[in-house]
Structure formats: structure tokens, C-alpha cells
Amino acid sequence: MTAPAPEPPNSGEAGLSAFDQLLLLVGRMNYSWTNTESLLIHLIAGLAGTSKQTAVIIYLTLNTTRARVDLVDRLAKSGTVPAELRQRITDLTARIRKHQSLRNHYSHSIYSFDAETGATRTITMRIADRKDALKMGRSDDVDAEALTRIKDTIEALKLLNHEIWALVLEQGYPA
């Protein structure tokens, strides 16, 4: 079992710039994300009836979160899992998906900040093909509301982590 990340140093101190606070929060969110996503290994092992080592190989072979979550969903829906457990698992994976877009936004953006005002913006590193044009470089302000969404996601991931561990242990899945 991996312990939750400690609070970032100086996260409440007035001496940190808004940009530094953002970087600390994004780092914490990414740690929480990977820590929680890795628990899918135990769900894969339990649902597929295989060893943890084999589940690690499967997990690493599927190189996207989407593929890993889809696999867990499909294993849960395969017909061998009792309805109540299937519902618990698919509820957990739905909650993972819910937070994936925010995590992806901050992990796949570059950051811009105004040295004079301290204003921070994200610039999305993604190309969207349209009928006859490309759309890229969407820019968003990082304001108090954005920081709150990141903090809320960190807390939600912490709760998900604990709930997945509880399910793994209750079901006797390889840990």
C-alpha cells in the first residue's frame, strides 16, 4: 500500500508565488493520479484471476489510462462478477474518468506567466482537426477557481485510492 503524498512544503506560506503554488499542486495531482491509477493492477489481477506479476505486464502493455480503465470495466462486466461488485468497480472507474480530463489538461500543457502581474495561463499542447482547419493552443487562465478544481481533484483521488484499496483487500485480490 502506498501512503498518500505529504503536504507540499510551504504550500500555505505567503512567500510562494501563484505560479509556484500551481506547480506544487500539479505535481501533487500527478503523484496522486499515478499512485491511484497503479491500483488498477490489483483490480486487473483479481478480476482476471491472475497473479500480480501478470497483471503488471498487462498494465504496462496497455500504455494509456483509457485502455487500462476500459480493461477493468470490461473484466467487471464479463459476466463472472456479481452485480453488486460490478457496480462498485464501474462506479470507481467512472470516477477515475471524471478526473482524467483535468489531470490531462495540466499534464499536457505548457505554462505562461506574466512576470509583472503574476497571472498564469495554460496553453494546451493538442491539435484538434476540424473540417478545413486546425485548432491548437487553447489558452486558459489559472485563477483561484482553477486551483480549487485541482485541490478538489487531489482530494477525490485520495478518496478513490482508499476505496480501491478497500475493495482489493475485501475481495482478496493479489496485493
| task | Taking the options Leu92, Leu85, name whichever one is of a type outside the set (Ser, Thr, Tyr) and buried (at least 17 other Cβ atoms within 10 Å of the Cβ). | result | Leu92
| request: Output the number of residues of the stretch 59-82 satisfying the condition of being of a type in the set (A, V, I, L, M, F, W, C) and either open to solvent by 60 Å² or more (accessible area, probe 1.4 Å) or under 19 Å from the mean Cα position of the chain (by Cα) (or both). | output: 6
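Residues checked against (1) among the hydroxyl-bearing types (Ser, Thr, Tyr); (2) open to solvent by less than 70 Å² (accessible area, probe 1.4 Å); (3) farther than 20 Å from Thr34 by Cα:
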{"site": "Tyr106", "(1), (2), (3)": "yes, yes, no"}
{"site": "Ser112", "(1), (2), (3)": "yes, yes, yes"}
{"site": "Ala119", "(1), (2), (3)": "no, yes, yes"}
{"site": "Arg138", "(1), (2), (3)": "no, no, yes"}
{"site": "Glu145", "(1), (2), (3)": "no, no, yes"}
| message | Suppose we keep only residues that are under 27 Å from Val72 (Cβ atoms), at pLDDT below 95 and not in a helix (DSSP H, G or I) within the stretch 4-51. Which one would you say is most open to solvent (accessible area, probe 1.4 Å)? | response | Pro4
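Would you confirm whether or not the stretch 90-98 contains a residue that is among the small types (Gly, Ala, Ser), at pLDDT 80 or above, part of a helix (DSSP H, G or I) and farther than 20 Å from Arg28 by Cα?
Within the stretch 90-98, one or more residues are among the small types (Gly, Ala, Ser), at pLDDT 80 or above, part of a helix (DSSP H, G or I) and farther than 20 Å from Arg28 by Cα.
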| said: Please go through the stretch 60-88 and give me each residue that is among the β-branched types (Val, Ile, Thr) and not in a loop (DSSP other than H, G, I, E, B), ordered by number. | reply: Thr61, Thr65, Val69, Val72
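The values are calculated or read from the model by the stated rules, or taken from the named source; none is laboratory data. Please read these numbers as outputs of a predicted model, since none were measured by experiment. Glycine gets a Cβ as well: all are built from the backbone with ideal geometry, and neighbour counts include every protein chain shown. Surface accessibility is based on the protein's heavy atoms, side chains included, excluding ligands, DNA and RNA. Shrake-Rupley method; radii C 1.70, N 1.55, O 1.52, S 1.80 Å.
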